[in-house]
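**Student:** I am attaching a structure below and will ask some questions about it afterwards.
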Amino acid sequence: MDDQSTPARRQRDELLYSVAEASNALLRHTDIDKGIQAALAALITVSTVDRVYIFQNHEDPQTGLLCVSQRYAWTSGAVHAQIDSPHLQNVPYALFGPRWYDLLSSNQMISGRVRDFPHSEQKILAAQSILSIVVAPIWAGNHFWGFIGFDNCHAEQLWS
């Protein structure tokens, strides 16, 4: 069997193509918000996820805690977008426990089936109907800016 025709290779090639399309969308649009939305749409079209989103780090002006807020989201249409949810704004990293900030700020990804995550994380993610997730840090120069996440709400997916 030709290695080029394996499902894993096809999936990888499709993902690389969508990343290239997402990059082009960011470069094409002079309006950064439209560029990001187009990029997220390109990423979700070939992925096996239901939702893709971007969260930005910031300090809560009232508490001084390091928080994240959802800035962008795109869905496959199989789940509801949560961009307007107040529960996804000003979320302290401490709510997840130290693991998320420690891993992401060390340029590591978080991925897996939600049922395999620590209980405190399961509770937060299950409330959003997430069965499996992959989250990758976003860096702006040398600054940990936030993260991009991909949710599967219909199947427990092991990420490769």
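**Student:** Would you be able to tell me the number of residues in segment 130-158 that are surrounded by fewer than 16 Cβ atoms within 10 Å (Cβ to Cβ) and more than 19 Å from Arg99 (Cα to Cα)?
**Tutor:** 7
**Student:** Also, quick follow-up: I'd like to know if segment 79-101 contains one or more residues that are of a type in the set (Phe, Trp, Tyr) and open to solvent by 70 Å² or more (accessible area, probe 1.4 Å). Walk me through it before giving the result.
**Tutor:** Start the filter on segment 79-101 by keeping residues that are of a type in the set (Phe, Trp, Tyr), which leaves 93, 96, 100-101.
Those still in the list that are open to solvent by 70 Å² or more (accessible area, probe 1.4 Å) too: 101.
Yes, because at least one residue in segment 79-101 is of a type in the set (Phe, Trp, Tyr) and open to solvent by 70 Å² or more (accessible area, probe 1.4 Å).
**Student:** Are there helices (runs of 4 or more DSSP H) fully within segment 52-160 with at least 3 residues that are under 30 Å from Lys34 (Cβ atoms) and under 16 Å from the mean Cα position of the chain (by Cα)? List them.
**Tutor:** Values: elements: 93-96, 98-105, 119-126.
Per the criteria, 98-105.
**Student:** Looking at Ser120, Ser76, which one is farther than 24 Å from Gln62 by Cβ, open to solvent by less than 80 Å² (accessible area, probe 1.4 Å) and hydroxyl-bearing (Ser, Thr, Tyr)?
**Tutor:** On inspection, the qualifying residue turns out to be Ser76.
**Student:** The conditions are (1) open to solvent by 50 Å² or more (accessible area, probe 1.4 Å); (2) under 18 Å from Ile133 (Cα atoms); (3) out of contact with any Lys or Arg (no Cβ under 8 Å at 6 or more places or on another chain); (4) at pLDDT below 90, and Asp50 fails exactly one of them. Which is it?
**Tutor:** (1)
**Student:** Next question. Can Ser111 be described as out of contact with any Lys or Arg (no Cβ under 6 Å at 6 or more places or on another chain), open to solvent by less than 70 Å² (accessible area, probe 1.4 Å) and either over 18 Å from Gln56 (Cβ atoms) or not aromatic (Phe, Trp, Tyr) (or both)?
**Tutor:** Values: out of contact with any Lys or Arg (no Cβ under 6 Å at 6 or more places or on another chain): yes; open to solvent by less than 70 Å² (accessible area, probe 1.4 Å): yes; either over 18 Å from Gln56 (Cβ atoms) or not aromatic (Phe, Trp, Tyr) (or both): yes.
Against the criterion (out of contact with any Lys or Arg (no Cβ under 6 Å at 6 or more places or on another chain), open to solvent by less than 70 Å² (accessible area, probe 1.4 Å) and either over 18 Å from Gln56 (Cβ atoms) or not aromatic (Phe, Trp, Tyr) (or both)), Ser111 qualifies.
The values are calculated or read from the model by the stated rules, or taken from the named source; none is laboratory data. Because the structure is predicted, anything quoted here is derived from the model rather than measured. Cβ: placed from backbone, ideal geometry, glycine included. Neighbour counts: every protein chain shown. Each accessible area value is taken on the protein alone, full model and side chains, heavy atoms only, with ligands, DNA and RNA left out. Shrake-Rupley method; radii C 1.70, N 1.55, O 1.52, S 1.80 Å.
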